[in-house]
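Structure record follows, encoded as structure tokens.
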Amino acid sequence: MPGWGEEAGRLKWSRRWDAELEWDPPAARWFAGGQINASYNALDVQDPSRTAIIWEGEDGSVRRITYGWLLDQASRLAGGLLSMGVGRGDRVAIYLPMIPELPAAMLACARIGAVHTVVFSGLGAASLRSRIADSGARVLVTADAGYRRGARIRLKEAADEAVRGTGVRTIVVRRTGDASLGPGDTWWDDLVSGSAPADPVPLESCHPLFILYTSGTTGMPKGILHGTGGYLVHACSTFRLAFGTRPGDIYWCTADPGWVTGHSYVVYAPLCCGATQVMYEGAPDHPDASRMWQVAERHGVTILYTTPTAIRMQMASGILPGSHDLSALRLLGSVGEPLGAPAWAWYRDEVGGGRCPVIDTWWQTETGGMMVVDPPGGGTPEPGYAGRPVPGIDVRVVDDGGRPAPDGERGRIVVSGTWPGMMIGVWGSEERYASYWSGDPPVYQAGDYAVRDAEGRIRILGRADDVLNVAGHRIGTAEIEACAASHPGVAEAAACGVPDPVRGQSIAVFAVPRGGGFEPGEIRSLVRRDVGPVASPRIVCSVPRLPKTRSGKIMRRILGALAAGSDPGDTSTLEDPGAVEDAARALRGA
Ligand code: WT7
């Protein structure tokens, strides 16, 4: 990167910053003294007649959403939010499917300095309720229902359950028209048509833009808090570095804005860069796996950014993209999980026809934007490697003592110094923010294992902590364990990851029964309801005891090895090595 100040200069600021960075480790203030508004940069400065989003519904209907439409909706909704008493710093929860109102709602919040917290619409009422409670949101934006794999998902019902007794007011997008409104509810259309557009307010560069919950090693997901100026600079400059959209490009990032990829690379960066993108409402394999290629062909997609799970799902379907005209494609990107060599080769050859560069991007909810990527033409890509650190960001692979790991040897990813997209905090918990840093001077601990080669390329091996990555979704073992243990027939539970050929990892739960015990199906339904369908365990086994160290730590590594059918390795540190044989026997019976 030529320099973060120069990158920042490409955005429109209401007041120029006094200092590019004030760094008092581990706290950073990027572009301190500067004032900016994200909604203004995404909408007001763009050509209103330009297509921002080519939206395709699961039923095949297509809507062309202009920058002007988004501006109109976002600024009127912002006016409506103001009339409901939402002001600067107040939190607004957003629980919407992949419809254009989702980015509009985010940008409405950003316009008036309200802090949005988007909850993925695939999560259930319990997850929504705990996020609303933790963030202290008093307004929720949702829809009557959404479509997924041909089914109607009744979001309003889940929303009602989530806010029952809390006094949270709800704004409802009419998608299917079959919800009834309660006393504190209003239809989006009524609010928007009855409200005057609100102007974007200049905000301090470090003003919080959003909270996004992600899994950690405790039962409660943490609210990652991002600022405005630094975050936008990071998202936009890495978007340009990786994808360099030009006039005529049709960009398609398949992520749902419910996750960080959607925040940075569907909403903020592409819109601030004036891009035209595809947004598809439904599942990429509905009614069958060719849907992804139909969408790409129909809209002439030139840049595709997706996940290894989506690619492996396509590979496994046996449907070759070759029967679709994908000749418009020029660049392919991947994010969220390790892109192994077979998926990399299939992506390059079957999807890209051998002519499109494949770029892999490593980053995290906390980092705000890409941290490791070899931009197209920026070196010989090596399958399996995410690439080199983004210029200006000091990503390292270190041993347990914090010294650089020798080339080719496994170490942990840390980041020395800071970078503009770094989270500004963890909502409500200074300790949780501080726990990411260690050493003197403190370095950021990413929680991943990786290997670096002599060329400086980094290969990501996976999480080093008790966090799973299922189909690109981050899920804490502690969340699943707390959920399983909420069943009255479970005394305690352990969750671990099992290698899965398509989804990267799947989940196994080992539970110790008590009282009347449990049925595996009951644990599955509980997890689906409280954590979300993505976390649904593939294996649920009843065991008399869990393998633990003498200090009482559950040995998930051993359970994971057993579930994968591999050697559990050294079990000598266990309190009771017989627990391993118990688990192996339970697996044979499961
Ligand atoms: C974790 C972060 C990045 C946005 C979506 C996920 C894993 C991310 C890669 C990659 C291998 C990757 C890491 C990381 N991860 N990108 N290119 N190759 N692994 O964001 O939910 O915060 O998860 O996803 O394990 O720590 P997230």
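Measuring nothing but protein heavy atoms, the accessible surface of the stretch 469-587 at 1.4 Å probe radius is 53 percent carbon and sulfur. Once you treat every alpha carbon in the chain as an equal point and sum by Debye, what is log10 I(q)/I(0) at q = 0.09, 0.12 Å⁻¹? At q = 0.09, 0.12 Å⁻¹ the computed log10 ratios are -0.69, -1.29. Determine which residues of the stretch 212-235 fall in the zone a paramagnetic label at Glu430 would reach in this model, i.e. backbone nitrogen under 17 Å from the point 7 Å along Cα→Cβ. Output list for this probe position: 225. Only one residue of Ser135, Ala78, Pro404 has its Cα farthest out toward the positive end of the dipole of the chain, where Lys and Arg carry +1 and Asp and Glu -1 on Cβ, and that residue is Ala78. As a test, work out the antiparallel percent of DSSP beta bridges whose residues both lie in the chain, rounded to the nearest 5. In the chain, approximately 60 percent of DSSP beta bridges are antiparallel ones. The distance linking the stretch 1-69 with the stretch 175-252 is 11 Å (Cα centroid to Cα centroid, whole angstrom). Close amide H contacts of Ala491 (hydrogens built in the peptide plane, cut-off under 5 Å, sequence separation of 5 or more or a different chain): Val512, Arg514. Taking a cut-off of 14 Å between Cα atoms, list the aspartates and glutamates near Lys156, but don't count ones fewer than 8 places away on the same chain. List returned: Asp144, Asp178, Asp185. The simple spin-label model puts a point 7 Å past each Cα toward its Cβ; for Thr217 and Asp567 those points are separated by 2.7 nm. Amide H contacts of Phe31 (H built 1.01 Å from N, in plane; Pro and chain starts excluded): Leu21, Glu22 sit under 5 Å, all sequence-distant by 5 or more or on other chains. For the stretch 340-428, what is the relative contact order in percent, using Cα pairs closer than 8 Å and at least 6 residues apart in sequence? Result for the stretch 340-428 is 22 percent. Shape of the stretch 478-519 from the C-alpha gyration tensor: prolate (a/c of 1.5 or more and a/b above b/c, with a ≥ b ≥ c the square roots of its eigenvalues).
Within a straight-line Cα-Cα reach of under 17 Å, Lys12 can be paired with the following aspartates and glutamates, leaving aside sequence neighbours fewer than 8 residues apart in one chain: Glu20, Asp44, Asp47, Asp199, Glu204. For the chain, no complete DSSP H run has alpha carbons reaching 30 Å or more along its own long axis together with a mean Kyte-Doolittle score of 1.6 or higher.
Taking every protein chain into account, the accessible area of the stretch 466-589 amounts to 42 square angstrom per residue (probe 1.4 Å). Taking each DSSP H run with n ≥ 4 as -39500 (n - 2.57) and averaging over every residue of the chain yields -7000 deg cm²/dmol at 222 nm.
The stretch 374-390 and the stretch 512-531 have Cα centres separated by 44 Å.
Based on the Kirkwood radius over alpha-carbon pairs, what is the Stokes-Einstein translational diffusion coefficient of the stretch 466-589 at 25 °C with 0.890 mPa s viscosity, in µm²/s?
So the translational diffusion coefficient is about 172 µm²/s.
Of the two radii for the stretch 115-227, the radius of gyration is 0.99 times the Kirkwood radius, both from the alpha carbons; that is the Rg over Rh value. Put simply, the amide H of Val443, placed in the peptide plane, has neighbours under 5 Å in Ser438, leaving out anything fewer than 5 places away on its chain.
The values are calculated or read from the model by the stated rules, or taken from the named source; none is laboratory data. What you see is a predicted model, and the numbers here were worked out from it, not measured in a lab. Don't worry about glycine lacking a Cβ; one is built from the backbone with ideal geometry, like all the others, and counts go over all protein chains shown. Remember, those area values only see protein heavy atoms, side chains included, never the ligands or the DNA or RNA. Shrake-Rupley method; radii C 1.70, N 1.55, O 1.52, S 1.80 Å.
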